[in-house]
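K.L.:
Dumping the structure here so I can ask a few things about it.
The values are calculated or read from the model by the stated rules, or taken from the named source; none is laboratory data. Not measured: the values here are computed from a predicted model. Glycine also receives a Cβ, built like all others from the backbone with ideal geometry; neighbour counts cover every protein chain displayed. Areas reflect the complete protein model, heavy atoms only, side chains present, ligands, DNA and RNA absent. Shrake-Rupley method; radii C 1.70, N 1.55, O 1.52, S 1.80 Å.
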Amino acid sequence: MSATAPITLEMPKKPNIPTAVCGMLPPALEAEILAAKLPKFRAKQLSEWVWDKFAGAYDEMTNLPKELRVLLAEELPITPLALVKTTQSGDDTRKFLFRLADGNLIESVLISAPGRLTACVSSQVGCALACSFCASGLQGLVRNLAPSEITGQIQMLQSIQKERISNIVYMGMGEPFANFDNVLESVAILNHSKCAGIGARKITISTSGLVPGILKLIRDPRQVRLSISLHAATDEIRNRIMPINQRYPIAELMRACRKYQADTGRMITFEYILLDGITCTQEQADALARLLRGIRCTVNLIPYNTVEGLPYRRPPLPAQKSFLHTLMDARVRATLRMEKGHDISAACGQLRLQNLESLPSDS
Ligand code: SAH
């Protein structure tokens, strides 16, 4: 790519996102089709190809006249994304790098397990939050993704795999609640029965703890799941690794989580990164068990994924297990992620970082 956009913490001007089929709810797609003086049923045909038959190109849409396919291919892209490369890991995890219309790169990950295919999507190019263990934070924020650039990841993944995605996690690059409206619009499209048709309960939004976003989510009628990247049980440690904690300290974050649970009745997942000697200590495990008392939740312990150049280490397995057992003894539901994709750098932001360094300068 040519000289990349300067990294800034402020939101740069809105990029020019082309309208795409994957970014529209049925009424918007119908309006687009009618405005092009085409019959309304073409909208239904189009969305069936895009969302049910996993078409990757207009050529595949054999019940559309050839001239119409050529016209649509020029005027109305299926998604605003182009596949740059994929990386396969031995353990059923595949990582995808996409180029956006303005040249920026984003990543998505597909994780297969028996009976489910989970897509991990990005919500921003880069991230402003600068968590000290995360590759995305190293690059700063470039810009928010448009709804079509989020739903486009799912459409592209389905069309590449020719397989339906069953679960979505907003755990790729970016902070979803820093792009709240576009993320919720993408959820509406992915959830809609005439679009991707993925159940809201199969969609998880993960946040580093932006309290206003948690409170706003309470008012959303869709039953999406909420995951909180807690990562430390005391302000002292959390301030050190997540600058956002200075804005929304643990007590305020937990208050918002309690309100979310009281008002929605839904379970919460807490993500907790295991950094050797920092977050993976007996004191933090005890403090975490105390902090979560009375909240219906699951803790996902995530052993640190190595990011080159960062000073952290993954704790030895016995230390990871001891942390898990402290939680279990305190009757906190917890799992230790024997996570997939470590060999292909599937942690948030890693692939993009490596590719920014290795892509030819004119790409
Ligand atoms: N910004 C959102 C979602 C994206 S990150 C959030 O913070 O929740 C998805 C998850 O990966 C987060 O829990 C994040 O903290 C974690 N993560 C980032 N870098 C990591 C690393 N090097 N090793 C393990 N987990 C990491």
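K.L.:
State all residues of segment 68-95 that are crowded, with 19+ Cβ neighbours inside 10 Å and farther than 18 Å from A57 by Cα; if no residue qualifies, say none.
P.N.:
Initially, segment 68-95 is screened for residues crowded, with 19+ Cβ neighbours inside 10 Å, giving 72, 77-81, 87, 93-95.
Once the filter is applied, which keeps residues that are crowded, with 19+ Cβ neighbours inside 10 Å and farther than 18 Å from A57 by Cα, segment 68-95 yields T87, T93, R94, K95.
K.L.:
Right, something else. Kindly indicate whether D263 is open to solvent by 10 Å² or more (accessible area, probe 1.4 Å), farther than 29 Å from K202 by Cβ and in contact (Cβ under 8 Å) with a residue 24 or more places away in the chain.
P.N.:
Taking the combined requirement at face value, the residue does not satisfy it.
K.L.:
Looking at segment 274-291, which of its residues are touching a Pro at 6+ places or on another chain (Cβ under 8 Å) and surrounded by 19 or more Cβ atoms within 10 Å (Cβ to Cβ)? Can you show your working first?
P.N.:
First pass over segment 274-291, keeping only residues touching a Pro at 6+ places or on another chain (Cβ under 8 Å): 274-277, 280.
Answer for segment 274-291, where residues must be touching a Pro at 6+ places or on another chain (Cβ under 8 Å) and surrounded by 19 or more Cβ atoms within 10 Å (Cβ to Cβ): L274, L275, C280.
Rundown of residues vs (1) open to solvent by less than 20 Å² (accessible area, probe 1.4 Å); (2) touching a strand residue (DSSP E or B) at 6+ places or on another chain (Cβ under 6 Å); (3) more than 20 Å from P80 (Cβ to Cβ), yes/no style:
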| position | (1), (2), (3) |
| --- | --- |
| L100 | yes, no, no |
| N104 | yes, yes, no |
| A113 | no, no, yes |
| R116 | no, yes, yes |
| V121 | yes, yes, no |
| G126 | yes, yes, no |
| V142 | yes, yes, no |
| S148 | yes, no, no |
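K.L.:
Restricting attention to segment 241-254, which residues are open to solvent by 10 Å² or more (accessible area, probe 1.4 Å) and without any contact (Cβ under 8 Å) to a residue 40 or more places away in the chain?
P.N.:
Correct list: Q246, R247, Y248, P249, A251.
K.L.:
Does segment 288-309 hold any residues that are over 17 Å from F323 (Cα atoms), within 14 Å of the ligand (Cβ to nearest atom) and of a type in the set (A, V, I, L, M, F, W, C), and which are they?
P.N.:
Listed by number, the list holds a single entry, V307.
K.L.:
What pairs can you find where one residue is in segment 209-224 and part of a loop (DSSP other than H, G, I, E, B) and of a type in the set (K, R), the other is at pLDDT 95 or above and loosely packed, with under 14 Cβ neighbours inside 10 Å, and their Cβ atoms are less than 8 Å apart, with a gap of 6+ or different chains?
P.N.:
The qualifying pairs do not exist here.
K.L.:
Name the pairs: first residue in segment 78-95 and in contact (Cβ under 8 Å) with a residue 40 or more places away in the chain and within 23 Å of R116 (Cβ to Cβ), second residue assigned to a loop (DSSP other than H, G, I, E, B) and basic (K, R), Cβ to Cβ under 8 Å, at least 6 apart or on different chains?
P.N.:
Pairs that qualify, where the first residue is in contact (Cβ under 8 Å) with a residue 40 or more places away in the chain and within 23 Å of R116 (Cβ to Cβ) and the partner is assigned to a loop (DSSP other than H, G, I, E, B) and basic (K, R), are S89/K340; D91/K340; D92/K340; T93/K340.
K.L.:
Scan segment 171-191 for residues that are more than 13 Å from the ligand (Cβ to nearest atom) and touching a Pro at 6+ places or on another chain (Cβ under 7 Å) and report the count.
P.N.:
4
K.L.:
If you don't mind, there's one more thing I want to ask. Just the residues that are open to solvent by 30 Å² or more (accessible area, probe 1.4 Å) and of a type in the set (A, V, I, L, M), please, taken from segment 303-335.
P.N.:
Listed by number, the residues that qualify are L310, L317, A319, M328, A330.
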